[in-house]
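Chemist: There's a structure below that I have some questions on.
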Amino acid sequence: MKSLVFSAPNEGRVKISEEPLKIMNSYCQSKRTDAEAGGMLFGRFIIDSNDIVIDDLSVPMKGDIRKRTYFHRSVKNHQEVLNLVYEESSGTCHYVGEWHTHPENDPSPSDIDLKNWHRVMFMTITESNLFLFIIVGITRIRIWQGNKKLNQIIPLELLEKETMDI
């Protein structure tokens, strides 16, 4: 699997690049003993378009709480990763959202997920009013886009045969 591309509002697209896709899939909860995992998403807002490319991410680390059906990301350690990614990219790679796993084939956000996503949107100062939220299921990855300005979170659709050359 090279990458995944999803359609977004306003004729935009969201691309999950190959490397972050591999990393997220490596935390898939396919065994009954696997705990949820998650982290931050880092990417680029493509100039003169509504496209976003996810290039990197943080992974579970010390200080996170991981249980079968619960994940809580520590702030400090993941922020340090974001700072490093931002510096190494000369300021082109930004925080664009959050990802985590669910122990279900076709994942959907829980009430706790939705509450947390709204909190993230309104407590986080970023370059954009848009936030991405990914849930990695056992057989499917799904993504939602949050719009801080519209106070809205909507699911994005996978574009099966589309690619983005970015």
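Chemist: Can you find even one residue in the range 119-139 that is touching a residue at least 12 places away in the same chain (Cβ under 8 Å), closer than 19 Å to Gly43 by Cα and surrounded by fewer than 12 Cβ atoms within 10 Å (Cβ to Cβ)?
Modeler: Yes, because at least one residue in the range 119-139 is touching a residue at least 12 places away in the same chain (Cβ under 8 Å), closer than 19 Å to Gly43 by Cα and surrounded by fewer than 12 Cβ atoms within 10 Å (Cβ to Cβ).
Chemist: Moving to a separate point now. Determine if the range 42-52 includes at least one residue that is part of a loop (DSSP other than H, G, I, E, B) and touching a residue at least 60 places away in the same chain (Cβ under 8 Å).
Modeler: yes
Chemist: Oh, and also: I'd like to verify a number: residues in the range 140-162 that are part of a loop (DSSP other than H, G, I, E, B) and surrounded by 15 or more Cβ atoms within 10 Å (Cβ to Cβ), how many?
Modeler: Residues flagged as part of a loop (DSSP other than H, G, I, E, B) and surrounded by 15 or more Cβ atoms within 10 Å (Cβ to Cβ) within the range 140-162 amount to 3.
Chemist: Which condition from (1) touching a His at 6+ places or on another chain (Cβ under 8 Å); (2) part of a strand (DSSP E or B); (3) not basic (Lys, Arg) is the one that Met61 breaks?
Modeler: Every listed condition holds for Met61 apart from (2).
Chemist: Could you tell me whether any residue of the range 94-105 is on the phi < 0 side of the Ramachandran plot, in contact with a Ser or Thr (Cβ under 9 Å, 6 or more places away or on another chain) and loosely packed, with under 12 Cβ neighbours inside 10 Å?
Modeler: yes
The rows are residues; the columns are (1) surrounded by 13 or more Cβ atoms within 10 Å (Cβ to Cβ); (2) more than 16 Å from the chain's Cα centre (by Cα).
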{"position": "Arg32", "(1), (2)": "no, yes"}
{"position": "Ile47", "(1), (2)": "no, yes"}
{"position": "Asn50", "(1), (2)": "yes, yes"}
{"position": "Ile54", "(1), (2)": "yes, no"}
{"position": "Asp64", "(1), (2)": "yes, yes"}
{"position": "Asn77", "(1), (2)": "yes, yes"}
{"position": "Asn83", "(1), (2)": "no, yes"}
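Chemist: Here's another thing I want to ask about it. Restricting the range 21-30 to residues that are assigned to a helix (DSSP H, G or I) and in contact (Cβ under 8 Å) with a residue 40 or more places away in the chain, which is surrounded by the most Cβ atoms within 10 Å (Cβ to Cβ)?
Modeler: The qualifying residue surrounded by the most Cβ atoms within 10 Å (Cβ to Cβ) is Met24.
Chemist: Please indicate, with yes or no, whether at least one residue in the range 91-98 is outside any helix (DSSP H, G or I) and either of a type in the set (S, T, N, Q) or closer than 15 Å to His72 by Cβ (or both). Write out each step before concluding.
Modeler: First, the residues of the range 91-98 that are outside any helix (DSSP H, G or I): 91-98.
Okay, now just the ones that are also either of a type in the set (S, T, N, Q) or closer than 15 Å to His72 by Cβ (or both), so 92, 98.
Looking through the range 91-98, at least one residue is outside any helix (DSSP H, G or I) and either of a type in the set (S, T, N, Q) or closer than 15 Å to His72 by Cβ (or both).
Chemist: May I ask you to list the residues in the range 1-15 that are out of contact with any strand residue (DSSP E or B) (no Cβ under 6 Å at 6 or more places or on another chain), in a loop (DSSP other than H, G, I, E, B) and surrounded by 13 or more Cβ atoms within 10 Å (Cβ to Cβ)?
Modeler: Pro9
Chemist: So, one more: If a residue has to be among the hydrophobic types (A, V, I, L, M, F, W, C) and part of a helix (DSSP H, G or I) to count, how many in the range 110-139 make the cut? Spell out how you get there, then give the answer.
Modeler: Let us first name the residues in the range 110-139 that are among the hydrophobic types (A, V, I, L, M, F, W, C), namely 112, 114, 117, 120-123, 125, 130-136, 138.
Imposing the further condition that a residue be part of a helix (DSSP H, G or I) reduces the set to 112, 114, 117, 120-123.
Here the count works out to 7.
A short reminder: the numbers here are calculations on the coordinates, not readings from a lab. Worth saying up front: this structure is predicted, and the values here are computed from it rather than measured. Positions of Cβ are backbone-derived with ideal geometry, glycine not excepted, and every protein chain shown enters the neighbour counts.
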